[in-house]
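Worksheet: one structure, shown below.
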């Protein structure tokens, strides 16, 4: 029974994450949107754990892996290390806001260990969502032979973060409704 569940989970993971670039039933934009939401959800779920700063060591590699999946969908081959470098470049343009938010997340977890973790859902979902959307725009521009300006990155970041935070708040309500706090 466990083997069957693991096989089903593995199949679903391949279909929706690791092999998504070869699916023919979705457009590239639909594939990217799916990847961004899946990784935003996973990162937000991980961030619920109450240990301050621990999630950054887990979230960044997951976000870099999200970048490799987005790049593959767009037709680029990118290693996880190269994706991490793209994240660092993007964060260079929006970094101070990200640092302040990470400190806020840590403070919430220190002051309110269980509730603070749940409260981070919209923030982490929004951050991961914005990273994914900016990475997608970055890759699209790279393929076109164009380098994005800092203002373009900041504008996409701001809009995507707002949209992602709204969706993250909805997911937080679902977590609270399901009795996890």
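General remarks:
- By average C-beta atoms within 10 angstrom, highest first, the peptides 160-169, 120-129, 74-83: 120-129, 160-169, 74-83
- Gap separating the Cα centres of the range 125-145 and the range 9-44, nearest whole Å: 15
Since every read-out is calculated from the coordinates, none of them should be taken as a lab result. This structure is a prediction, so every number in the text was calculated from the model and none was measured. With ideal geometry, Cβ positions are generated from the backbone for all residues, glycine too; neighbour counts draw on all protein chains shown.
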